[in-house]
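Derivation of every value follows stated rules applied to the coordinates shown; laboratory data play no part. The structure displayed is predicted, hence computed values, not measured ones. Heads up, the Cβs are rebuilt from the backbone with ideal geometry, glycines too, and the neighbour counts pull from every protein chain shown.
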Amino acid sequence: MSEGLDLDKLGTSLSDDGVEMQVRHPGTGQPIEGMFITLRGSNSDAVRKAQRRIADRYLKERNQGRRTLSQDELENDSIEILVAAVAGWRGEAWKLNGEALPYSPDNARKVFSDKKFAWLERQCRAFFAEDSNFIPA
């Protein structure tokens, strides 16, 4: 009789604490030295809480007769979910306009909201959406 596979070994147990991703240069794809971001998984408590908060707001607005959402609202809500996924960042390469850019949710929001940095948003979204990044080796 086969032993089978214990599903617990496939659990995304690293989702809540997050996993560090090295940021890659958008032009070359090479890792950027000194630029790391820690991302929580898409099923982490922080991300799910942000998703529920947004859904609750949508439902409340719908119940009050407001049925349409603007593209800006949808984009902002999408960014809020990504901000919730960021547990932090580190490295000397985190600068904006020559100034150090320490991690904070506001700084993450600023970076992800700026279309010049859409490449970073895409890297983070791809990483945080991939469950295999959050399963212990």
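What are the aspartates and glutamates whose alpha-carbon lies under 14 Å from the alpha-carbon of Lys9, with same-chain residues fewer than 8 places away excluded? In chain and number order, the partners are Asp131. In straight-distance terms, cross-link reach from Lys115 covers every one of the aspartates and glutamates whose alpha-carbon lies under 20 Å from its own, apart from those fewer than eight places away in the same chain; here that gives Asp72, Glu73, Glu75, Asp77, Glu80, Glu99, Asp106. Sparsely packed loop sites in the range 57-137 (the trypsin sites (Lys or Arg not before Pro) outside DSSP H, G, I, E and B with at most 10 other Cβ atoms within 10 Å) comprise Arg66, Arg67. By other beta-carbon atoms within 10 Å, ranking Phe134, Phe127 with the fewest at the front produces Phe127, Phe134. Distances between placed amide hydrogens fall under 5 Å for Val86 paired with Arg40, all partners being 5 or more residues away or on another chain.
Counting only Cβ charges, +1 for Lys and Arg and -1 for Asp and Glu, the dipole size of the chain around its Cα centre is about 620 debye. Each residue in Ile54, Ile32, Ile37 was given a count of other beta-carbon atoms within 10 angstrom of its own, and listing them fewest first yields Ile32, Ile54, Ile37. Mean residue ellipticity, 222 nm, helices only, the chain: the sum of -39500 (n - 2.57) across DSSP H runs of n ≥ 4, divided by residue count and rounded to 500, is -13000 deg cm²/dmol. About the centre of its Cα atoms, the range 19-100 shows a dipole size close to 460 debye [charges on the beta carbon of Lys, Arg (+1) and Asp, Glu (-1) only; nearest 20 debye].
Where in the range 48-100 are there GluC sites (Glu not before Pro) that are in a DSSP coil and have at most 12 other Cβ atoms within 10 angstrom of their Cβ?
Those that pass, being in a loop and sparsely packed, are Glu92.
Of the residues Met35, Val47, Asn63, the one whose Cα sits farthest toward the positive end of the charge dipole of the chain, with +1 on the Cβ of Lys and Arg and -1 on the Cβ of Asp and Glu, is Asn63.
Please give the net charge around Ser13, taking every other residue with its beta carbon less than 14 angstrom from that of Ser13, where Lys and Arg add +1 and Asp and Glu add -1.
-4
Taking Lys and Arg as +1 and Asp and Glu as -1, the other residues whose beta-carbon sits under 12 Å from that of Ser44 total -1. Each Cα pair under 8 Å and six or more residues apart adds its separation to the average, and for the chain the resulting relative contact order is 34 percent. Computed over the chain with a Gaussian network model linking Cα atoms closer than 10 Å, the most mobile of Gln30, Gln64, Gln51 is Gln64.
Spatial offset of the range 66-123 relative to the range 29-60 amounts to 10 Å, using the alpha carbon center of each.
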